[in-house]
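Structure first, then comments.
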Amino acid sequence: MELKSGEVSWQSPSNIALIKYWGKKGFQLPANPSLSFTLSKSVTRTSMAYAPASDPEHFKVELMLNGKINQQFSDKVKAYFDILLEQIPFLKFFDYEIYTVNTFPHSAGIASSASAMSALALCLCDMEQIISNVSNSKKTKFYEKASHYARIGSGSAARSIYGGVVSWGKIKTLPGTSDLYATPIEENIHPVFENYNDSILIVNRGEKKVSSRHGHQLMTNHPFASARYKQAVSNLEKLLEVLSAGDLETFISITEQEAFTLHGMMMSSMPGYILMEPNTLNIINAIRSYRAESGVPVSFTLDAGPNVHVLYPQQYFQQVQEFINQELLKWCVSGTTINDCMGTGPERISRK
Ligand code: DP6
């Protein structure tokens, strides 16, 4: 092990879940498997500089978000590193300066934990290789470990380690899948899903009223939890067939059901809460009417928030853009939309 200063930088994208992770078991393990596609433009860029710590028992973490010191995130990352010490004991021998920027506005209402924690986990894996003088560990193992570290920071971040379609959680019919890390689904994806579009309509930019972390906790004694977990498994198995067959009709019905179930579980927790807003429902209703009238296979999904992810194949880009501009923009805050699509995953920026 070498106690030398260094700096590593990665960029990593956000992802949108089609089969939702909602509910945990054990420590940061998913109660059901989930499936997402990784986005292209909504990314976090993180540089992590490390130098030998003056006091390893109190090693320091300072995080700068968009050029400004952010005490709340510095404390969060320190707590995360403390948890990781069990797996990466040398972490305490260094102090850290982390510079991080999101390409999407912080106030855009897009969850940044997936992109942020995956970028940080990749930096940690790079640092681990440098510190332990391993230059050529197997690429698959590197990403598996990064996904494992990312999961400990935020479950959905485990999936952002890979591009394209990604699952996380043990799936009986898919060998190699695990609750510990995500797995890319590279084979059997029909071309209609290539560059699949996700136009994110921002209904509200504010902080969420209830955090995802708390929402997951409310699943513990949820009366419908076990039925929900079964539904997720069955929807995921069906979706794998749909993704390989290019069956857009079933794709739409499964993904929309997943979005409604996610919010249904929130509303029926104890205490129940609502993250959708009137304009979320206006947009959903308009999408469904437009689809019925035009035959364009456009659908929606929701994150744990009010913003609507409008999903559609690349070939319908022009048509759907016109529809969004004419009929949906009026329900978005300051007319804000982010046109994103399926991307190829994280990229190393530098390693010094
Ligand atoms: C609704 O990954 O944010 O976006 O593990 O507590 O950080 P933590 O939760 P988080 O939950 C994401 C929930 C979701 C669905 C999903 O991405 O699968």
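The values are calculated or read from the model by the stated rules, or taken from the named source; none is laboratory data. Quick caveat: nothing in here was measured; it's all calculated off a predicted structure. We place every Cβ from the backbone using ideal geometry, glycine too, and count neighbours over all the protein chains shown. These accessible areas exclude ligands, DNA and RNA; they are computed on the full protein's heavy atoms, side chains included. Shrake-Rupley method; radii C 1.70, N 1.55, O 1.52, S 1.80 Å.
Which residues, counting only those in segment 56-72, are surrounded by 13 or more Cβ atoms within 10 Å (Cβ to Cβ), touching a residue at least 24 places away in the same chain (Cβ under 8 Å) and either within 16 Å of the ligand (Cβ to nearest atom) or not in a strand (DSSP E or B) (or both)?
The first filter runs over segment 56-72 and keeps only residues surrounded by 13 or more Cβ atoms within 10 Å (Cβ to Cβ), leaving 56, 59-65, 70.
Those left that are additionally touching a residue at least 24 places away in the same chain (Cβ under 8 Å): 56, 59-65.
If the condition is that a residue be surrounded by 13 or more Cβ atoms within 10 Å (Cβ to Cβ), touching a residue at least 24 places away in the same chain (Cβ under 8 Å) and either within 16 Å of the ligand (Cβ to nearest atom) or not in a strand (DSSP E or B) (or both), then 56, 59, 60 are the ones that fit.
Residue count for segment 172-196, restricted to those that are over 18 Å from the mean Cα position of the chain (by Cα) and at pLDDT 95 or above: 5. Mind listing just one residue for me: the one in segment 211-224 that is part of a loop (DSSP other than H, G, I, E, B) and within 17 Å of residue 155 (Cα to Cα) and, of those, most open to solvent (accessible area, probe 1.4 Å)? Among residues in segment 211-224 that are part of a loop (DSSP other than H, G, I, E, B) and within 17 Å of residue 155 (Cα to Cα), the one most open to solvent (accessible area, probe 1.4 Å) is 220. For residue 267, the criteria (1) closer than 16 Å to residue 21 by Cβ; (2) free of Cβ contacts under 8 Å to residues at least 60 places away in the same chain hold in every case but one, which is (1). Within segment 124-158, the set of residues being basic (Lys, Arg) and within 14 Å of residue 29 (Cβ to Cβ) comprises 151 only. Does residue 92 fit the bill of being open to solvent by 40 Å² or more (accessible area, probe 1.4 Å), within 16 Å of the ligand (Cβ to nearest atom) and modelled with pLDDT of 95 or more? Judged against the criteria, residue 92 is not a match. Could you tell me whether segment 225-244 includes any residue that is away from the ligand (no atom under 16 Å from the Cβ) and not in a helix (DSSP H, G or I)? Within segment 225-244, none of the residues are away from the ligand (no atom under 16 Å from the Cβ) and not in a helix (DSSP H, G or I).
Among the residues of segment 302-312, not a single one is modelled with pLDDT of 95 or more and over 24 Å from the mean Cα position of the chain (by Cα).
Within the set 132, 115, the sole residue that is within 16 Å of the ligand (Cβ to nearest atom) and at pLDDT 80 or above turns out to be 115. In segment 30-55, the residue that is nearest to the chain's Cα centre (by Cα) out of those that are within 16 Å of the ligand (Cβ to nearest atom) and outside any strand (DSSP E or B) is 33. The single residue among 289, 350 that is among the hydroxyl-bearing types (Ser, Thr, Tyr), modelled with pLDDT of 95 or more and either open to solvent by 60 Å² or more (accessible area, probe 1.4 Å) or not in a loop (DSSP other than H, G, I, E, B) (or both) turns out to be 289.
How many residues does segment 307-345 contain that are open to solvent by 20 Å² or more (accessible area, probe 1.4 Å) and assigned to a loop (DSSP other than H, G, I, E, B)? Break it down into steps so the answer makes sense when it comes.
Our first condition is that a residue be open to solvent by 20 Å² or more (accessible area, probe 1.4 Å); within segment 307-345, this holds for 314-319, 321-322, 325-327, 329-331, 333-339, 341-342, 344.
Pick out the ones that are also assigned to a loop (DSSP other than H, G, I, E, B) and you get 336, 344.
Of the residues in segment 307-345, 2 are open to solvent by 20 Å² or more (accessible area, probe 1.4 Å) and assigned to a loop (DSSP other than H, G, I, E, B).
Just give me the residues in segment 158-194 being open to solvent by 80 Å² or more (accessible area, probe 1.4 Å) and either more than 17 Å from residue 241 (Cβ to Cβ) or assigned to a loop (DSSP other than H, G, I, E, B) (or both), in sequence order. Reasoning before the result, please.
Residues of segment 158-194 open to solvent by 80 Å² or more (accessible area, probe 1.4 Å): 170, 172-173, 175, 186-188, 191, 194.
Passing the criteria: 170, 172, 173, 175, 186, 187, 188, 194.
Close contacts from segment 224-235, counting a first residue that is closer than 13 Å to residue 35 by Cβ and a second that is surrounded by fewer than 17 Cβ atoms within 10 Å (Cβ to Cβ), with Cβ to Cβ under 8 Å and a gap of 6+ residues or different chains, come to 235/257.
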